[in-house]
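Let me begin by presenting the structure, written as structure tokens, before commenting on it.
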Ligand SMILES: CC(C)(COP(=O)(O)OP(=O)(O)OC[C@H]1O[C@@H](n2cnc3c(N)ncnc32)[C@H](O)[C@@H]1OP(=O)(O)O)[C@@H](O)C(=O)NCCC(=O)NCCS
């Protein structure tokens with residue numbers, strides 16, 4: 001099968017149950033203690049920039065995007081990204097990231113941040129941020145905090161607190 005055999009769709013509410021199962025399967029209950037989840041709990045993700053992949057009508061992969069500020073920069077937090085084990089290593093994860101990045105740039109996002117494995121995300125345009133420059137509600141490995149920036153924004157120039165754009169102060 002090639003990538004062309006899968007359909008990439010903008011997320012809507014009809015995908016919610018399948019996405020929950022995909023994320024439970026990929027990350028288990030431990031995902032709710034991660035710092036990026038703390039940010040996601042501060043407000044909703046943006047469905048217009050979140051996407052699923054479907055195989056013959058079955059949702060088999062998902063990426064979500066949450067509107068954030070990183071200091072004074074307005075952007076998005078990418079994740080969770082997960083692909084069902086039956087469909088791994090077919091390029092679906094990378095394609096979902098590419099689609100989400102293009103949609104975020106088109107929507108005027110200044111950068112997309114994530115906590116993830118640099119070898120996977122570097123070829124997709126993600127660069128290391130400056131260790132210690134950005135904070136989240138909880139501990140995280142700053143070597144895994146990566147940014148894909150648009151316009152004249154630089155990953156190493158990002159600094160300040162990462163929080164949901166809707167967070168009540
Ligand atoms: C990580 C994940 C999203 C990748 O999706 P996928 O559709 O299987 O990946 P793709 O087909 O786009 O890319 C496959 C390539 O990435 C590599 N890769 C997969 N996970 C990787 C990782 N964590 N670090 C580095 N490389 C990785 C594969 O070895 C493969 O390399 P190759 O092209 O040289 O053979 C998927 O494996 C998954 O859902 N994992 C569990 C959840 C998770 O870890 N999500 C990411 C959180 S940061």
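Nothing in this text is a laboratory measurement; each read-out follows from the coordinates by a stated rule. Predicted, not measured: the structure shown is a model, and the values here were computed from it. For neighbour counting, all protein chains shown are included, and Cβ atoms are generated from backbone atoms with ideal geometry for every residue, glycine included.
Tilt of helix 92-106 relative to the longest C-alpha principal axis of the chain, in degrees (0 to 90, nearest 10)?
Approximately 50 degrees, to the nearest 10.
Want the number for residue 69 to residue 130: 0.36 nm per residue separation, take away the alpha-carbon distance, what's left?
Extending this stretch completely gives an extra 20.3 nm.
Put a dot 7 Å past each Cα toward the Cβ at residue 27 and residue 10; how far apart are the dots in nm?
Result: 2.4 nm between the two label points.
Please compute the Kirkwood hydrodynamic radius of segment 3-164 from all pairs of different C-alpha atoms, in Å with one decimal.
15.8 Å
So how far apart, in nm, are the two label points at residue 106 and residue 48 if each is 7 Å from Cα heading toward Cβ?
So the two model labels end up 1.1 nm from each other.
For helix 16-27, what angle does its Cα long axis make with the longest principal axis of the chain, in degrees from 0 to 90 and rounded to 10?
It works out to around 70 degrees.
Find, to one decimal place in angstroms, the Kirkwood hydrodynamic radius of segment 1-86, where the mean of 1/r is taken over every pair of different Cα atoms and then inverted.
After inverting the pairwise mean of 1/r, the radius is 13.7 Å.
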